[in-house]
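Report on one structure; see the data block that follows.
The values are calculated or read from the model by the stated rules, or taken from the named source; none is laboratory data. Worth saying up front: this structure is predicted, and the values here are computed from it rather than measured. Counting neighbours? That spans all protein chains shown, and the Cβs are built from the backbone with ideal geometry, glycine included. What goes into the accessible areas is simple: the full protein's heavy atoms, side chains included, and nothing from ligands, DNA or RNA. Shrake-Rupley method; radii C 1.70, N 1.55, O 1.52, S 1.80 Å.
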Amino acid sequence: MTSSFYPPLRTLMGPGPSDVSPRVLGALGRPTIGHLDPLFVQLMDQIKELLQYAFQTKNALTLPVSAPGSAGMEACFVNLVSPGDTVIVCQNGVFGGRMKENVERCGATAILVEDNWGDPVSIDKVSTAFEQHPQAKLLAFVHAETSTGVQSDAAALCKLATSKGALSIVDTVTSLGGIELLVDAWGADAVYSGTQKCLSCIPGISPVTFSSRAVERIQARDDKVQSWFLDMQLVMGYWGGNTKRAYHHTAPVNNLYALHEALLMLREEGLEGAHTRHRHNHEALVAGLEAMGLGMAVAAEHRLPQLNSVIIPEGVDDAAVRAALLKYYDLEIGAGLGALAGKTWRIGLMGFASNGRNVLHCLGALEAILASQGAAITAGAAIPAAQAVYDS
Ligand SMILES: Cc1ncc(COP(=O)(O)O)c(C=O)c1O
C-alpha cells in the first residue's frame, strides 16, 4: 500500500546533495505566504543582499533562479550567447561538456579547450585559443569541477577574458561557500551556482549574478532570448531593483525561506570561517585516507577541500564498497564519473556536512568495509591521523 514517505537519516558525503542543516529544514516548513506578499518581497530583498555577500559582489542583477544549477547554467548561456557567436569553452570534467552543449544549442560555435580529467584548466591553452579565435565573445569554465575534485584558477581566467574583450561565464555550483569566490575582484561576468553543495541547503535553486557588462550585453540584444522562463529581462521585472514587482512565475516560496536561512548561516559564520572549516576537515580526511594507504587522485595544490577524489585500490569492488557503506553505515559517497568511473570515489565535505564527526565516521566505515573485502590497507591508522589534524 502506498503511504507517507519517510527517508532514512543518511550522511551525505557524495558530490551533492550534501546534508541539509536542521535550521534550513526548519525554515522550509514555515507557513507558505503569497509570492507577492509585501513580507515575501522584503525576504527577497534580503536574499539578494545575502547572495551579494556570498558571491562578494555589488552586482544589482543577483538572484536565485527557481530551478537547479543546470538552469542557472542555461540562464547564463541563453542570455549571453546569440546564434553565430564564438565561445571558448574549457573542459576538464563533466560540466565543461554541458557548457559546450549549451553553446551549441544557442546556435553558436564552441571552441573546446580540453584538459585531462583531474587537471585544472590550462591558462596557456585558453590564451592560445583566444589568439586563434579573436572573434570569441565569451569564455566559459568551471571553477570547481565536481566530477574530478579539481579547482581551476578563476581569477586568472576571468582576467584573461577581460583582457581579450570577452565576457566570462563561471560555474561555481560547488565552490560557493566552500572556497574563495570573489566575483567583483576577479571581474567575473555571469556566475551561477547551486544550493545543494556548500550552502547546506536543499537542491533545486540556482543563485546567479551578472556584472554590469553582462547586463549591457543582454540589453543590447536585438534577438529574443530563446528561453522565455530564463530570459533575464523578464525575470528582472520580478526580482529587479527598484521597479515594482510584476508576476513572472510563482516563486518556490518555502525553498526561498530555506535559502534565506542557509545564507544567513553563511554570513553568521563568515566566508573566511566557512572556507577555513572546509579546508581543515579536508586535511583531516586526507591525513586519514593516506594513513590507511589510499591515494588521492588530484595533485595537492589543485584539490578542492569540499570534493575529495580518492583512488580506488587495485582489486576492490567499487560498487560493493559504496553499497556496503550505505547499507551498514547509512553513508553515501560518490562514484567516479566519465573518464574516472570505476577508478575513483568522490567524498564530499560540503557545507553542513563538512564536520569532524563526518570525517571520522567516513574513515572508520571505509576502513571496516575495505578490510572486509580483503583490501591491502593499514588498519587502525586512519582515525589517529585525522585526530592528530584536529588536535594540531
Ligand atoms: C559543477 C557543476 N555544475 C553544474 C551542476 C548542475 O547542477 P544541478 O544538478 O543542480 O542541476 C552540478 C551538479 O552537480 C555541478 O557539480
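The figures follow:
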{"quantity": "Some residue of region 103-116 being within 13 Å of the ligand (Cβ to nearest atom) and open to solvent by 10 Å² or more (accessible area, probe 1.4 Å)", "calculated": "no"}
{"quantity": "Selection count where residues are open to solvent by less than 70 Å² (accessible area, probe 1.4 Å) and not small (Gly, Ala, Ser), scope region 17-34", "calculated": "6"}
{"quantity": "Single residue of GLU74, GLU49 found to be among the acidic types (Asp, Glu) and under 30 Å from ASN308 (Cα atoms)", "calculated": "GLU74"}
{"quantity": "Residue count for region 234-252, restricted to those that are of a type in the set (A, V, I, L, M, F, W, C), outside any loop (DSSP other than H, G, I, E, B) and surrounded by fewer than 18 Cβ atoms within 10 Å (Cβ to Cβ)", "calculated": "1"}
{"quantity": "Tally of residues being within 16 Å of the ligand (Cβ to nearest atom), part of a loop (DSSP other than H, G, I, E, B) and open to solvent by 10 Å² or more (accessible area, probe 1.4 Å) across region 60-102", "calculated": "3"}
{"quantity": "Hey, SER168 of a type in the set (Ser, Thr, Tyr), under 27 Å from SER127 (Cα atoms), within 16 Å of the ligand (Cβ to nearest atom) and touching a Phe, Trp or Tyr at 6+ places or on another chain (Cβ under 8 Å) or not", "calculated": "yes"}
{"quantity": "Answer residue from region 35-59, given it is modelled with pLDDT of 95 or more and either at positive phi or in a loop (DSSP other than H, G, I, E, B) (or both) and is most open to solvent (accessible area, probe 1.4 Å) among those", "calculated": "LYS58"}
{"quantity": "Leading residue by the ranking (farthest from the ligand (Cβ to nearest atom)) among those in region 1-33 that are more than 23 Å from THR146 (Cβ to Cβ), in a loop (DSSP other than H, G, I, E, B) and in contact (Cβ under 8 Å) with a residue 40 or more places away in the chain", "calculated": "ILE33"}
{"quantity": "Any hit, region 360-373, residues being open to solvent by less than 40 Å² (accessible area, probe 1.4 Å), modelled with pLDDT of 95 or more, more than 21 Å from THR146 (Cα to Cα) and of a type in the set (Gly, Ala, Ser)", "calculated": "yes"}
